[in-house]
Amino acid sequence: MQSIENFNFAGKKAFVRVDFNVPLDENFNITDDTRMRAALPTLKKILGDGGSVIIGSHLGRPKGVNEKFSLKHIQKHLADLLGVDVQFAADCVGEEAGAKAAALQPGEVLLLENLRFYAEEEGKPRNLPEDATDEQKAEAKKAIKASQKEFAKRLASYADVYVNDAFGTAHRAHASTAIMADDFDTDHRMFGFLMEKEVKAVDKILNDIKRPFTAIMGGSKVSSKIEIIENLLNKVDNLILTGGMTYTFTKAQGGKIGNSIVENDKLDLALEIIAKAKEKGVNLVLAVDDKIADAFSNDANTRYCPVDNVPEGWMGMDIGPESMAIFTDVILKSKTILWNGPTGVFEFDNFSTGSRVVGEAIGEATGNGAFSLVGGGDSVACVNKFGLANNVSYVSTGGGALLEAIEGKVLPGIAAVEGKPYK
Ligand code: AMP
């Protein structure tokens with residue numbers, strides 16, 4: 001497979017799919033440019049070699065052309081970050097885009113308008129009448145799939161090389177994230193530096209495991225993590241299940257959970273997970289004590305109690321000190337660590353200690369030589385809140401993409417570049 005490091009972009013035009021889906025305030029100021037900075041090494045390498053760059057991205061979830069989601073809002077900041085002028089094409093597949101791409105000189109950058117202004121990017125029909133029949137839906141789907149190929153070809157026609165650096169959308173088989181890769185031969189399609197790092201980190205967690213391997217899965221619901229938990233049961237030595245999903249396990253085993261969050265339709269599933277862990281010799285670690293509150297609020301009254309004896313009118317909001325000690329002990333003995341999801345309602349300072357302690361333990365284990373990967377939504381917010389991002393081996397930029405990769409799914413954005421089949 002071609003690597004970006006080895007490729008000489010001199011005189012070449014590269015189409016780079018990035019994830020510039022950055023948050024904007026009501027005046028269209030970027031409130032967090034992490035995703036833009038994450039793509040800079042790739043963009044700078046191409047420009048430094050004497051290549052030119054055509055940048056494609058999505059922003060938000062527009063259902064058609066919508067000023068609010070225009071990438072022109074980020075044009076100036078991108079120019080500042082790159083230190084070069086950035087041209088803009090207001091229609092990603094219009095005549096102007098084609099002409100500007102054709103005229104692009106070495107060292108120049110062209111930013112295309114939001115690819116999702118076209119339904120072809122996602123390949124899903126839009127504006128179907130609510131009463132559309134199954135037949136009409138199937139027809140519309142067929143039509144959009146056909147025009148999606150044309151759309152992908154048009155984007156591919158701008159460039160000599162295709163670079164995918166958008167791990168955040170790697171789990172989508174969209175025109176720019178997967179389909180257009182087919183228009184480039186293996187020597188002319190590759191991952192960007194960010195994508196390469198993400199793929200390597202996931203590979204270490206799934207295929208290059210130093211033991212003991214501990215996964216810490218937190219968050220609110222067991223239902224949203226079930227596929228990952230099932231895949232991890234085949235891989236880990238220790239599985240710490242924490243956060244809101246604790247109470248589904250506690251209730252399933254006959255414990256009293258008071259008003260804690262619970263999924264009553266997942267009680268059998270919890271028992272199945274407990275049984276499977278036993279069968280596979282996985283050390284399933286659940287909290288033994290809780291910090292409970294009499295209201296879902298940072299200012300609620302609090303106390304500690306055993307996890308299976310939460311009084312009525314009270315709810316579990318974070319793990320207690322005994323659980324922190326148990327979790328810490330397991331984490332410190334680990335050589336590979338995956339963390340997804342907080343141990344409690346970490347957004348409230350009074351219930352964030354468990355998540356901070358877990359984050360610090362992971363940092364300490366990493367300092368002692370463990371490989372640690374943190375990813376998926378709230379755990380990234382957690383390490384940032386506690387200033388621990390530099391203490392772990394890798395913080396993934398991909399939420400859904402990372403979780404699907406850990407579930408063991410083939411990610412179209414990766415498979416397409418590797419020339420492997422995907423759905
Ligand atoms: P998820 O998106 O599934 O990773 O869940 C993250 C959310 O779970 C965070 O917003 C936490 O506040 C929430 N959470 C964690 N523990 C609890 C708990 N004990 N009760 C209610 N919500 C929780």
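So which residues in segment 354-381 are modelled with pLDDT under 90, crowded, with 21+ Cβ neighbours inside 10 Å and more than 20 Å from residue 39 (Cα to Cα)? Listed by number, the list holds a single entry, 379. If only one of 204, 210, 225 is within 16 Å of the ligand (Cβ to nearest atom) and either modelled with pLDDT of 95 or more or closer than 13 Å to residue 406 by Cα (or both), which one is it? Checking each option against the conditions leaves just 225. Taking (1) under 25 Å from residue 226 (Cα atoms); (2) of a type outside the set (S, T, N, Q); (3) in a strand (DSSP E or B) in turn, residue 303 satisfies each apart from (1).
Number of residues in segment 30-49 that are of a type in the set (S, T, N, Q) and at pLDDT 95 or above: the value is 1. Tell me, please, whether a residue that is out of contact with any strand residue (DSSP E or B) (no Cβ under 7 Å at 6 or more places or on another chain) and in a loop (DSSP other than H, G, I, E, B) can be found in segment 268-278. Within segment 268-278, not a single residue is out of contact with any strand residue (DSSP E or B) (no Cβ under 7 Å at 6 or more places or on another chain) and in a loop (DSSP other than H, G, I, E, B).
When the residues of segment 384-403 are filtered to those that are hydrophobic (A, V, I, L, M, F, W, C) and surrounded by fewer than 24 Cβ atoms within 10 Å (Cβ to Cβ), which remaining residue is modelled with the highest pLDDT? Of everything passing the filter in segment 384-403, 392 is modelled with the highest pLDDT. Within this structure, residue 267 passes the test of being assigned by TED's automatic domain parsing to the domain that holds residue 393 and more than 12 Å from the ligand (Cβ to nearest atom). Residue 175 satisfies every condition listed in (1) in contact with a helix residue (DSSP H, G or I) (Cβ under 7 Å, 6 or more places away or on another chain); (2) in a loop (DSSP other than H, G, I, E, B); (3) closer than 23 Å to residue 343 by Cα except (3).
Inside segment 327-353, residues that are away from the ligand (no atom under 16 Å from the Cβ), surrounded by fewer than 24 Cβ atoms within 10 Å (Cβ to Cβ) and in a helix (DSSP H, G or I) make up a count of 4. Scanning segment 302-326 for residues that are acidic (Asp, Glu), more than 10 Å from the ligand (Cβ to nearest atom) and either closer than 21 Å to residue 252 by Cα or not assigned by TED's automatic domain parsing to the domain that holds residue 248 (or both) gives 308, 312.
For segment 231-251, residues that are away from the ligand (no atom under 16 Å from the Cβ) and in contact with a helix residue (DSSP H, G or I) (Cβ under 8 Å, 6 or more places away or on another chain) total 5.
The values are calculated or read from the model by the stated rules, or taken from the named source; none is laboratory data. Here the structure is a predicted model, which is why all the values come from computation and not from measurement. Glycine also receives a Cβ, built like all others from the backbone with ideal geometry; neighbour counts cover every protein chain displayed.
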